[in-house]
Amino acid sequence: MNESTLLAALVAGLEAVGVDGAAAVLAERPGVTFADLDVDSLGVIEIAARIEDECGIAVPDADLDDLDSPAAVLDHLLAVAAPVELAGAS
Amino acid sequence: MMTTPLPGGSGERDDAVVISGLAPLTAIGSGAATYWAALVAGTSGLSKITRFDTETFPVKVAAEVHDVDLAAAVDRRLAVATDRWTQFGLAATELALADGQVDLAAFDPYGVAVITASGSGGNEFGQREIAALWTRGPKAVSVYQSIAWFYAATTGQLSIRHGSKGMCGVLVEGAAGGLDAFAQAARALRSGTDLALVGATEAPLSPYALTCVLGSGLLSTASDPATAYRPFGAGAAGYVTGEGGAMFTVERASSCRDRGVAPHAVVAGHAATHDGRRHRSADPEIAAAGLAEAITAALARAGAASGDVDVVFADGAGAGDLDQAEVTALRLALGAHGATVPVTVPKAATGRMEAASAALDVAAAVLALEHQVVPPTATTGPLAATAEIDLVRTARPASLGTALVLARGHGGFNSALVLQRPSHPSPTTTHEENPNP
């Protein structure tokens with residue numbers, strides 16, 4: 001699973017909680033936090049649920065507590081996806 | 001009796017409870033001026049339901065709100081987390097604050113209360129998520145189901161948006177809640193609250209929401225909007241529901257005066273009763289007793305005599321036995337005056353929508369007192385033989401000092417609210433034209 005697939009899942013999650021033009025927002029403001037976007041803790045859980053829908057990677061609620069930005073979530077997804085890719089390749 | 005006496009009945013007493021801002025949000029228009037103009041013109045907002053396909057559903061007609069820009073009051077991040085009923089509440093409250101010239105930043109957050117009433121809650125939101133559950137599984141259910149569908153959601157979102165930290169609550173008792181919310185606000189004002197956001201909205205136009213009330217047998221299944229809801233009419237077919245409602249700012253007369261704002265009306269008296277199974281007794285005297293008791297107590301608490309009532313805003317269930325009970329209650333509580341006092345049911349134009357239409361009746365009554373006009377009941381056809389009342393069917397100028405508003409809820413709730421014209425009433429156009437002096 002490549003980065004663009006994971007990014008698309010993250011964008012779908014942000015759109016689901018009402019962040020319009022999420023792809024452009026992330027491109028223009030790579031360091032933007034959920035607080036900047038007015039996305040509260042429930043919103044982050046909703047984003048995680050949509051990401052799981054899109055790419056099958058579940059982020060436990062407990063892990064979400066430490067992920068305060070879309071970039072942090074993307075890094076987390078990349079970290080989780082990498083071993084999956086390796087396992088799939090072997 | 002559920003209540004203790006309210007201050008009031010004497011107009012501008014410092015501790016009188018007054019309505020300082022109001023905002024109807026209805027199928028015939030939103031904001032006081034637009035709603036009132038449409039109402040007195042006899043406009044009906046009843047039409048074929050378009051919010052869902054009624055092909056296989058028995059209810060065909062409702063009052064739908066189309067002209068409100070909800071996106072202006074609720075951004076998309078909040079829209080995905082709220083039911084339409086909450087969005088109505090947020091939008092109407094913005095209008096009510098502007099109408100009352102209220103800047104909440106000038107109030108102590110602990111002195112601002114939020115008290116709404118709700119009959120249908122966020123059923124449309126809930127139905128959508130339950131559908132997602134059964135078709136796509138638990139992971140497809142929105143996390144916002146946890147905060148959007150239940151009755152307290154509107155009160156909660158209002159308090160979050162406006163930073164209120166005072167008394168909060170929601171009254172869930174069908175239509176009666178729309179009036180009882182004002183009594184609860186009066187209690188809050190007596191115990192330290194400075195200003196209360198009060199009112200009710202509903203958005204029950206989804207199959208599940210309507211199914212919840214189908215069992216009462218009172219929802220009209222007629223398909224012609226012109227005749228589907230005829231309160232006090234011969235052979236009335238039940239009531240038509242709708243969406244929308246009204247929100248208000250309520251405070252003490254002294255608070256309103258200190259802000260330099262003229263109050264719309266005085267909340268002079270209220271009483272509520274519950275009569276259980278007797279509510280639908282075949283004997284109209286028994287079915288009427290609880291409502292009559294509420295009327296009598298509300299007038300006593302307002303310091304008003306039965307003959308002081310200048311206009312009655314009736315519940316108008318549009319069902320033979322309930323209509324007859326209401327007529328009988330007016331006779332029991334007001335005596336001969338009950339047969340001659342003007343009676344009106346503005347909700348014939350905007351739907352009888354649980355708590356929201358009772359709150360909307362308060363707005364209509366306040367505007368009637370301001371304009372000195374009884375708004376009409378938008379119905380046609382003969383009245384029931386037992387309807388020995390003066391039902392107003394075209395707008396009627398009248399000298400109005402005291403208005404009586406009635407509401408009844410499924411299962412036995414009765415509520416009566418007495419509103420009075422302030423001794424120095426606000427000019428009828430000031431609030432609308434000058435929201436931000």
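Quick one: would you say B:Arg301 is among the basic types (Lys, Arg) and closer than 20 Å to B:Val267 by Cβ?
Yes: the conditions hold for B:Arg301.
Looking only at region B:235-271, which residues are under 30 Å from B:Ser44 (Cα atoms) and of a type in the set (Ser, Thr, Tyr)?
B:Tyr239, B:Thr241, B:Thr249
Residue by residue through region A:44-67, note down the ones that are surrounded by 15 or more Cβ atoms within 10 Å (Cβ to Cβ) and either farther than 15 Å from A:Ala9 by Cα or of a type in the set (Val, Ile, Thr) (or both).
Those that are surrounded by 15 or more Cβ atoms within 10 Å (Cβ to Cβ) and either farther than 15 Å from A:Ala9 by Cα or of a type in the set (Val, Ile, Thr) (or both): A:Val44, A:Ile45, A:Ile47, A:Ile51, A:Ile57, A:Val59, A:Leu64, A:Leu67.
So which of A:Ala62, A:Ala35, A:Ala81 ends up being part of a helix (DSSP H, G or I) and touching a residue at least 24 places away in the same chain (Cβ under 8 Å)?
From the options A:Ala62, A:Ala35, A:Ala81, the qualifying one is A:Ala81.
If the requirement is being modelled with pLDDT of 95 or more, within 11 Å of chain B (Cβ to nearest Cβ) and under 14 Å from the mean Cα position of the chain (by Cα), which of these qualifies: A:Leu10, A:Leu14?
On inspection, the qualifying residue turns out to be A:Leu14.
Mind telling me which of the residues B:Ala81, B:Ala96, B:Ala113 ends up being buried (at least 19 other Cβ atoms within 10 Å of the Cβ), more than 16 Å from B:Leu25 (Cα to Cα), touching a strand residue (DSSP E or B) at 6+ places or on another chain (Cβ under 9 Å) and not aromatic (Phe, Trp, Tyr)?
The conditions single out B:Ala113.
Give region B:217-252 a look and list any residue that's crowded, with 24+ Cβ neighbours inside 10 Å and over 29 Å from B:Thr328 (Cα atoms), or say none.
Scanning region B:217-252 gives B:Glu243, B:Gly244, B:Met247, B:Phe248, B:Thr249, B:Val250, B:Glu251.
Looking only at helices (runs of 4 or more DSSP H) that fall completely inside region B:128-206, which ones have 2 or more residues that are away from every other protein chain (no Cβ under 14 Å), within 30 Å of B:Val240 (Cα to Cα) and modelled with pLDDT of 95 or more?
Those helices (runs of 4 or more DSSP H) span B:153-162, B:177-190.
Could you grab me the full set of residues in region A:35-47 that are within 11 Å of another protein chain (Cβ to nearest Cβ) and farther than 15 Å from A:Leu7 by Cβ?
Passing the criteria: A:Leu37, A:Asp38, A:Val39, A:Asp40, A:Ser41, A:Leu42, A:Gly43, A:Val44, A:Ile45, A:Glu46.
In region B:129-154, which residues are touching a residue at least 60 places away in the same chain (Cβ under 8 Å) and not hydrophobic (A, V, I, L, M, F, W, C)?
Passing the criteria: B:Ser142, B:Tyr144, B:Thr154.
The values are calculated or read from the model by the stated rules, or taken from the named source; none is laboratory data. None of the values given here were measured: they were computed from a predicted structure. Methodologically, a virtual Cβ is constructed for each residue, glycine included, from the backbone with ideal geometry; neighbour enumeration extends over all protein chains shown.
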